[in-house]
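The values are calculated or read from the model by the stated rules, or taken from the named source; none is laboratory data. No experiment lies behind these values; they were computed from the predicted model shown. Quick reminder, even Gly has a Cβ in these numbers, built from the backbone with ideal geometry, and neighbours come from all protein chains shown. Side chains included, ligands, DNA and RNA excluded: accessible areas come from the protein's heavy atoms. Shrake-Rupley method; radii C 1.70, N 1.55, O 1.52, S 1.80 Å.
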Amino acid sequence: MKIYTKTGDSGTTALIGGTRLSKAHIRIDAYGTVDELNSYIGLLRDQNVNTSRRDLLKEIQDRLFTIGSHLASEPDQTRKKLPDLHEADITLLETEMDAMDAKLPALRAFVLPGGHESVSFGHVARTVCRRAERAVILLHEHEAVEEIVIRYLNRLSDYLFMLCRMMTQELGAEEVAWKARL
């Protein structure tokens, strides 16, 4: 299989199902942002601090591919079976957050992103996740998107925030509270 097909040279791309859309279409932006997020999750997975979480982060990447396949498909696509997203996928993120929360000091202020390179990568992933969520919500305002996709992305951004806090603690980095200048 050749990586280049030249079919996108005119600025369009094909959905699963064959419909061609502009590469600037909100649907393409949504799944492109999910793909970008998946790359950042891979970067997080490669951080030494996340050795014990590599399997979970790989599973998250798999779920993001699932989301991407749904977003890259025609809304009424039935010719190909797509992988599913389940409530258990959201529950897994919540369970992981609860476990981290039990080990972390109470959060009493907004936290400035940073403190360690690995933590900074996590905050970039978190903000890309929020952008992906906004892109999917915008798409949902125009075309049907399964609600579980939006909920998963929302929960994933929360998980990534908690992961950043956990990495900060495990790395012995400083968690800097934001203090508003008044």
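Taking the stated definitions as given, is ASP101 surrounded by 12 or more Cβ atoms within 10 Å (Cβ to Cβ), farther than 22 Å from GLN169 by Cα and modelled with pLDDT of 95 or more? Quick ask: steps written out before the conclusion?
Values: surrounded by 12 or more Cβ atoms within 10 Å (Cβ to Cβ): yes; farther than 22 Å from GLN169 by Cα: no; modelled with pLDDT of 95 or more: yes.
Considered against the rule, which asks whether it is surrounded by 12 or more Cβ atoms within 10 Å (Cβ to Cβ), farther than 22 Å from GLN169 by Cα and modelled with pLDDT of 95 or more, ASP101 comes out as no.
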task = Determine which member of the set VAL124, VAL176, VAL111 is open to solvent by 50 Å² or more (accessible area, probe 1.4 Å), over 18 Å from the mean Cα position of the chain (by Cα) and in contact (Cβ under 8 Å) with a residue 40 or more places away in the chain.
result = VAL176
key: Tally, over the stretch 66-88, of residues that are under 16 Å from ASN154 (Cα atoms) and either modelled with pLDDT under 90 or surrounded by fewer than 16 Cβ atoms within 10 Å (Cβ to Cβ) (or both)   = 3
Filter pass, THR95 being under 14 Å from the mean Cα position of the chain (by Cα), open to solvent by 60 Å² or more (accessible area, probe 1.4 Å) and of a type outside the set (Asp, Glu) = no
key: Per-region count, the stretch 137-150, residues under 26 Å from ASP98 (Cα atoms) and crowded, with 16+ Cβ neighbours inside 10 Å   = 3
request  = Just need a number here: residues in the stretch 1-48 that are open to solvent by 30 Å² or more (accessible area, probe 1.4 Å) and of a type in the set (Val, Ile, Thr).
outcome  = 8
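Residues to consider are GLU133, GLU143, GLU87, GLU147; find the one that is over 25 Å from GLU174 (Cα atoms) and in contact with a Leu (Cβ under 6 Å, 6 or more places away or on another chain). Reasoning before the result, please.
On the way: GLU143 fails: in contact with a Leu (Cβ under 6 Å, 6 or more places away or on another chain); GLU87 fails: in contact with a Leu (Cβ under 6 Å, 6 or more places away or on another chain); GLU147 fails: in contact with a Leu (Cβ under 6 Å, 6 or more places away or on another chain).
That would be GLU133, the only listed residue that is over 25 Å from GLU174 (Cα atoms) and in contact with a Leu (Cβ under 6 Å, 6 or more places away or on another chain).
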